[in-house]
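Notes follow the structure.
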Amino acid sequence: MRGPYDFDEIVDRRHSHSDKWDVREGELPMWVADMDFRTAPEIRQALAERVAHGVFGYSIVPDEWYDAYIGWWKIRHGFIIEKDWLIFSTGVVPAISSLVRKLTTPAEKVVVMTPVYNIFFNSILNNGRVPLESPLKLAAEGYMIDWNDLEEKLSDPQATLLLLCNPQNPGGKIWTREELSKLAGLCARYGVTVVSDEIHCDLTDPGTTYVPFASVSDLARQISVTCVSPSKAFNVAGIHSAAVFVPNENLRHKVWRGLNTDEVAEPNSFAVEMAVAAFTQGGPWLDALRQYLYTNKQLVASFVAQNLPALRVVPENATYLVWIDIRQLPRQGKGFATFLREKTGLFLSDGPQYGKGGEGFVRMNVACPRAVVEEGLERLRKGVGLYQEKYR
């Protein structure tokens, strides 16, 4: 049964100015991290009412926006965000770039645990800072932190900031309370501020939840800035609405100054209404979505295990992204993503863009109707066969 929400509906996005679907005819894009589902009906209704009003002047951030974030994190994640901590931002990425500029100086080092969200590198390099990679270790149960390597990188006197992806993208790892607490201790020891990107926090598998970095200890609260948004969970990234919360007053003032100096702290005409509707009415839709995504991910894992023995799906429990190990292919999978697109039209994200440890992996976005996932898997099977035949 489909239930109250039809995630099987095929929505044609080719002529909607979609970044993800700006591809050649016949290609199947399963790369950019947005979903091919219509957002929650409650959000669409709130936006329709805002459009019907007809006047789109400058907007403020009202109490309802603060209350929506506070209520959602209290109910869904068991964490109390104080109103004074919250600052509006036009997006998580603009916020991260602003934080890099405000909390570091040119040529300083920013630590990232790789493979990690590729845009982190843009925020670092485009602002004249140096990425300092601490590669994660891939175990049977998924990614683990290499604590010795990480401490070595954090102890570098030029390392002043760590960008944390929680849950982790592309590996789908939910960091445990123990891991985050240990991380906070190390960062505090070496004077490193933590910017925690928690944009995927609501896209955990059914029955699981994530741990907010700032929730693990008072120490973590005092050294961190957390970036959050409804954009991934509710597929509304194009509306440009996010928030940061900063418990430490002195750090918060720096962040507030940075976001306002960079002019990324004012909402557009739809940003507030969307967020309020998502966090006050979108829970049932999101829970149905999480179940649908989980089934899609299970389908991919089962298909790969049964039909593509040279590939391995990395175990994970968050996001709608599947991280696939292709290192058992000929040439350890070098050039496979490009080959796959050319020969089958399937467009996956190539692993090397996610930093060290990304070589020999591809990322598949399964936030689409099941029929599309099935088509993508058939194209993947065809592409693997052609690649093996070419390079055997």
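The values are calculated or read from the model by the stated rules, or taken from the named source; none is laboratory data. Since this is a predicted model, take the numbers as computed values, not measurements. Quick reminder, even Gly has a Cβ in these numbers, built from the backbone with ideal geometry, and neighbours come from all protein chains shown. The area values use the complete protein model at the heavy-atom level, side chains included, leaving out ligands, DNA and RNA. Shrake-Rupley method; radii C 1.70, N 1.55, O 1.52, S 1.80 Å.
Restricting attention to region 207-226, and to residues there that are part of a loop (DSSP other than H, G, I, E, B), touching a helix residue (DSSP H, G or I) at 6+ places or on another chain (Cβ under 7 Å) and of a type in the set (S, T, N, Q), which single residue is farthest from THR104 (Cα to Cα)? So, considering only residues that are part of a loop (DSSP other than H, G, I, E, B), touching a helix residue (DSSP H, G or I) at 6+ places or on another chain (Cβ under 7 Å) and of a type in the set (S, T, N, Q), the one farthest from THR104 (Cα to Cα) is THR209. On the given criteria, is ILE70 in a helix (DSSP H, G or I) and of a type in the set (A, V, I, L, M)? Considered against the rule, which asks whether it is in a helix (DSSP H, G or I) and of a type in the set (A, V, I, L, M), ILE70 comes out as yes.
For region 200-222, filtering for residues that are closer than 26 Å to GLN291 by Cβ, of a type outside the set (Ser, Thr, Tyr) and open to solvent by 20 Å² or more (accessible area, probe 1.4 Å) leaves 3.
Collect the residues in region 86-113 that are among the β-branched types (Val, Ile, Thr) and either buried (at least 19 other Cβ atoms within 10 Å of the Cβ) or within 30 Å of ALA275 (Cα to Cα) (or both), keeping them in residue-number order. The answer is ILE87, THR90, VAL92, VAL93, ILE96, VAL100, THR104, VAL110, VAL111, VAL112.
Specify the residue that is nearest to VAL211 (Cα to Cα); the eligible residues are those in region 309-326 that are open to solvent by 10 Å² or more (accessible area, probe 1.4 Å) and either in contact with a helix residue (DSSP H, G or I) (Cβ under 8 Å, 6 or more places away or on another chain) or assigned to a loop (DSSP other than H, G, I, E, B) (or both). Give the derivation first.
Step one: filter region 309-326 for residues open to solvent by 10 Å² or more (accessible area, probe 1.4 Å), giving 309-313, 315-317, 325.
Still in the running and either in contact with a helix residue (DSSP H, G or I) (Cβ under 8 Å, 6 or more places away or on another chain) or assigned to a loop (DSSP other than H, G, I, E, B) (or both): 309-313, 315-317.
Values: PRO309: 34, ALA310: 34, LEU311: 30, ARG312: 27, VAL313: 24, PRO315: 18, GLU316: 15, ASN317: 13 Å.
Looking at residues that are open to solvent by 10 Å² or more (accessible area, probe 1.4 Å) and either in contact with a helix residue (DSSP H, G or I) (Cβ under 8 Å, 6 or more places away or on another chain) or assigned to a loop (DSSP other than H, G, I, E, B) (or both), I get ASN317.
Determine, yes or no, whether ASP350 is within 22 Å of GLU25 (Cβ to Cβ), within 19 Å of the chain's Cα centre (by Cα) and acidic (Asp, Glu). Yes, satisfied.
Condition first: under 15 Å from the mean Cα position of the chain (by Cα), among the polar types (S, T, N, Q) and surrounded by fewer than 22 Cβ atoms within 10 Å (Cβ to Cβ). Can you find one or more residues in region 233-247 that meet it? Yes, region 233-247 contains at least one residue that is under 15 Å from the mean Cα position of the chain (by Cα), among the polar types (S, T, N, Q) and surrounded by fewer than 22 Cβ atoms within 10 Å (Cβ to Cβ). In region 30-85, how many residues are buried (at least 21 other Cβ atoms within 10 Å of the Cβ) and either at pLDDT below 95 or hydroxyl-bearing (Ser, Thr, Tyr) (or both)? Summing the residues that are buried (at least 21 other Cβ atoms within 10 Å of the Cβ) and either at pLDDT below 95 or hydroxyl-bearing (Ser, Thr, Tyr) (or both) in region 30-85 gives 2. Can you give me the number of residues within region 189-206 that are under 9 Å from the mean Cα position of the chain (by Cα), not acidic (Asp, Glu) and not in a loop (DSSP other than H, G, I, E, B)? The total comes to 0.
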